[in-house]
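Q: Below you will find the structure I want to go over with you.
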Protein chains: 2
Amino acid sequence: MNTAEVHPIGIVRSPHQPRGDAPRQGRLIPGAEMDIEIREEYQDGIGDLADVSHLFVLLWFDRANRNTLIAHPPWMEGSRPVFATRSPDRPNPIGLDIGKIVSVTGRTIRVAGLDALDKTPVLDIKPYAPSIDAILDATEPFRILP
Amino acid sequence: MNTAEVHPIGIVRSPHQPRGDAPRQGRLIPGAEMDIEIREEYQDGIGDLADVSHLFVLLWFDRANRNTLIAHPPWMEGSRPVFATRSPDRPNPIGLDIGKIVSVTGRTIRVAGLDALDKTPVLDIKPYAPSIDAILDATEPFRILP
């Protein structure tokens with residue numbers, strides 16, 4: 001497989017507008033809320049998410065630079081190989097955020113904790129499962145975050 | 001944005017061969033190890049990952065059924081909307097696994113805890129950061145896992 005196509009299942013409706021305005025990690029700003037608006041043709045895939053508290057949200061950074069292997073995070077001097085960072089500028093610019101579900105109304109999912117810009121395409125959402133996703137013995141990488 | 005292209009940055013070298021042979025969640029089988037082989041042209045993006053203990057690994061399930069919004073997990077009766085599951089059969093079949101780094105040798109990353117099939121394309125790897133990714137107050141969704 002050398003190439004594959006992805007199609008957005010929805011879009012983010014966020015108060016964060018231009019590049020540079022998004023907080024580095026949304027979850028660090030308690031209370032920040034935004035909407036994930038699922039496209040009508042995918043609505044049957046949502047349900048009510050009644051037993052899900054948090055979602056992985058896979059975003060597509062359509063304004064990213066895909067032709068870089070070295071990241072220059074603004075919050076550190078120097079550079080770092082891109083796969084050792086969470087930089088949006090990467091070969092496949094898929095963003096990974098975790099949002100806490102606030103409400104589900106039709107095909108609009110309101111979440112807290114995302115750091116996405118307005119109109120960012122959404123590729124997928126998946127339920128977060130602490131039994132497999134909360135890795136308590138993971139070490140904090142050096143300066144992938146501000 | 002209606003469509004975008006993804007290109008694998010590497011491939012999984014796994015002992016799990018045919019569909020049906022992969023454990024449901026690799027992390028539940030301690031000690032299972034496999035290799036992520038990064039393509040030569042992306043090698044400069046890895047570095048030594050010296051300060052990273054765990055990686056998110058984004059996979060492309062190239063054998064998935066993308067035309068379904070209702071999942072029928074084999075471990076439960078009935079069905080469930082696909083975005084409330086981790087089923088590989090989904091509109092954008094991007095798998096999300098977490099692997100513990102065992103070793104990094106050149107462009108081969110040995111990890112424990114993945115449940116991927118042999119030759120599964122890898123779209124991205126990202127360092128896991130417990131400060132933002134370990135959600136301790138998340139609730140366990142009902143039966144997304146066996």
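Every read-out reported here was derived from the displayed coordinates using simple, explicitly stated rules and does not represent laboratory data. For clarity, every value in this text was computed on a predicted model and none was experimentally measured. Because the Cβ atoms are built from the backbone with ideal geometry, glycine has one as well, and the counts that use them run over all protein chains shown.
Q: Take the alpha-carbon centre of region B:34-92, take the same for region A:50-66, and report the distance between them in whole Å.
A: 13 Å
Q: Here's a follow-up. Can you list, shortest first and in nm, the gaps between the label point of B:Gln43 and those of its counterparts in the other copies, using a point 7 Å from Cα in the C-beta direction?
A: Label-point distances to the other copies, shortest first: 5.2 nm.
Q: Kindly rank A:100-113, B:45-58 from highest to lowest mean number of other beta carbons found within 10 Å of each residue.
A: B:45-58, A:100-113
Q: Something else about it: Of all alpha-carbon pairs in the protein assembly as shown, indicate the percentage at a distance above 24 angstrom. Present the calculation step by step, with values, prior to reporting the outcome.
A: Details: 20160 of 42486 pairs.
I get 47 percent for the Cα pairs in the protein assembly as shown exceeding 24 Å.
Q: While we're on this one: From other protein chains only, count the Cβ atoms within 10 Å of every residue's Cβ in A:39-52, then give the mean.
A: Values: counts 1, 0, 2, 6, 3, 6, 12, 5, 9, 2, 4, 3, 8, 9.
Counting Cβ atoms of other protein chains within 10 Å of each residue's Cβ and averaging gives 5.
Q: Further, regarding this structure: Spin-label point model (7 Å from Cα, Cβ direction): what's the A:Gln17 to B:Asp62 distance in nm?
A: It is 4.3 nm.
Q: Let me ask something additional. Place a +1 charge on the Cβ of each Lys and Arg in the protein assembly as shown and a -1 charge on the Cβ of each Asp and Glu, then give the dipole magnitude about the Cα centre in debye, rounded to the nearest 20. Mind showing how you got there, number by number?
A: Numbers: 32 positive and 40 negative charges, 15 e Å.
Using only the charged Cβ atoms, the result is roughly 80 debye.
Q: Quick one: putting +1 on the C-beta of Lys and Arg, -1 on the C-beta of Asp and Glu, what dipole do you get for chain A around its Cα centre, in Debye to the nearest 20?
A: My answer is approximately 480 debye.
Q: Further, regarding this structure: Using the charge dipole of region B:29-146 (Lys, Arg: +1 at Cβ; Asp, Glu: -1 at Cβ; taken about the Cα centre), state which of B:Leu96, B:His72, B:Leu58 has its Cα farthest towards the positive end.
A: B:His72
Q: Only four residue types carry charge here, +1 at the Cβ of Lys and Arg and -1 at the Cβ of Asp and Glu. Report the dipole size of region A:82-133 about the Cα centre in Debye, rounded to the nearest 20.
A: 140 debye
Q: Follow-up. Starting from the Cα of A:His72, step 7 Å along the direction of its Cβ; do the same at A:Asp48; then give the gap between the two resulting points in nm.
A: Modelled inter-label distance: 5.2 nm.
Q: Look at the axis of the rotation that sends chain A onto chain B, then give the chain A residue with the nearest Cβ and the distance in whole Å.
A: So the chain A residue sitting closest to the axis is A:Ala134, 2.
Q: Between the label point of B:Asp118 and that of the same position in each other copy, find the distances and list them shortest first in nm, with every label point placed 7 Å from Cα along the Cα-to-C-beta direction.
A: Nearest first, the other copies' label points are 5.1 nm away.
Q: Show that you can apply the helix-only estimate: for chain A, add -39,500 (n - 2.57) for every DSSP H stretch of four or more residues, divide by all residues, and state [θ] at 222 nm to the nearest 500.
A: Values: 1 runs with 4 residues, N = 146.
About -500 deg cm²/dmol.
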